[in-house]
Amino acid sequence: MTLRGFKSFASATTMNFEPGITCIVGPNGSGKSNVVDALAWVMGEQGAKSLRGGKMEDVIFAGTSGRAPLGRAEVVLTIDNTDGALPIEYAEVTISRTMFRNGGSDYQINGQNCRLLDVQELLSDSGIGREMHVIVGQGQLDSILRATPEGRRGFVEEAAGVLKHRKRKEKAIRK
Ligand code: ATP
Ligand code: MG
C-alpha cells in the first residue's frame, strides 16, 4: 500500500503486508491508526466518522508547522491475486482512490477510472469488501469488556443483525 498526502503521510510512503499477521508499532500519534484508515478508505469507506474525521476531506494532509497543507490524498493498494481471489484476470490488482479538497473521490482499478461500485463489486466476493472486513477500533474492546449486561446484549444483537428489527418493533409499539 502506498499513501500520498493521506492524513499524516505527506510524502509518499509504501508498506508491504506479507502473509500472516502484521504488527505496526510506534509512539502515540505516529500514524499507526492512520494506516488502518488508509486501508478502509482505499476499499471505499464512505463514513467520515469511521475514518476518525469530521468530514471526508479530513483525510487530506492538513499541514504541520514545517510543511504546507496538500490539495489531494491518494492511497494505492496492490493486491496479489495469483490465487484468483478477486474475480478479475490479473495476477496483481491495483485499486487506487484519490480525493481533492474540492470534493469527490476518483477510483481506479489497474489504472482505469472506475466507479466506487466497481471497487465494491471487485472486493465483494473476496471476503475483504464492505461489511466483510472488521476493524476493531481503539477503545472498542474496552467498551465491550466494561459494558453492562444490556449493553453487551446490544453488541450481540447488532452482530446478529436483529438490532434494527428490535428498534423497529419498539418504534411500532410506541406509535
Ligand atoms: P496512538 O498510539 O495514540 O493510537 P497512532 O499512531 O494510532 O497513535 P494516529 O491516530 O494514526 O496515531 O495519528 C494521529 C496523528 O495524525 C496526529 O498527529 C494527527 O495530527 C495526524 N493527522 C491526522 N489527520 C491528519 C491530516 N489530515 N493532516 C495531517 N496530520 C493528520
Ligand atoms: Mg491509534
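Please treat every number below as a calculation from the coordinates, not as lab data. All of these numbers come straight from a predicted model, not from anything done at the bench. Glycine also receives a Cβ, built like all others from the backbone with ideal geometry; neighbour counts cover every protein chain displayed.
Structure summary
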| item | result |
| --- | --- |
| Length released on extending from LYS55 to LEU145, taking residue separation times 0.36 nm less the Cα-Cα span | 29.4 nm |
| For the chain, calculated [θ]222 nm from helices alone, where every DSSP H run of n ≥ 4 adds -39500 (n - 2.57) | -8500 deg cm²/dmol |
| Descending principal axes extents, the stretch 136-175, alpha-carbon based, whole Å | 37, 18, 13 |
| For the chain, projected area of the alpha-carbon convex hull averaged over all directions, nm² | 13.8 |
| Candidates per trypsin sites (Lys or Arg not before Pro) in the stretch 11-98, loop by DSSP, up to 11 other Cβ within 10 Å | LYS49, LYS55 |
| Cα-centre dipole for the chain with unit charges at Cβ (Lys and Arg positive, Asp and Glu negative), debye to 20 | 1320 |
| Viscosity 1.002 mPa s, 20 °C: Kirkwood-radius Stokes-Einstein D of the stretch 14-92 over Cα pairs, µm²/s | 144 |
| In order through the stretch 83-88: 3J(HN,Hα) via Karplus (6.51 cos²θ - 1.76 cosθ + 1.60), integer Hz, x for Gly, Pro | 8, x, 5, 9, x, 8 |
| Centre separation in Å (Cα based) which lies between the stretch 1-36 and the stretch 60-92 | 11 |
| Stretch gain in nm, segment ASP106-ALA159, where the contour uses 0.36 nm per residue and the Cα spacing is subtracted | 15.9 nm |
| Packing rank of 35-47, 146-158, where each peptide gets the mean count of other beta carbons within 10 Å, highest leading | 35-47, 146-158 |
| Nonlocal Lys pairs with alpha-carbon distance under 24 Å, the stretch 18-175 (8 or more apart, or different chains) | 6 |
| Using alpha-carbon coordinates, inclination of helix 163-174 to the longest axis of the chain, degrees | 50 |
| Neighbourhood net charge (15 Å Cβ-Cβ; Lys/Arg +1, Asp/Glu -1) for GLU150 | +2 |
| Relative contact order [Cα under 8 Å, 6+ residues apart], the chain, whole percent | 16 |
| Calculated log₁₀ intensity ratio I(q)/I(0) where the Debye formula runs over C-alpha points of the stretch 59-135, q = 0.13 Å⁻¹ | -0.48 |
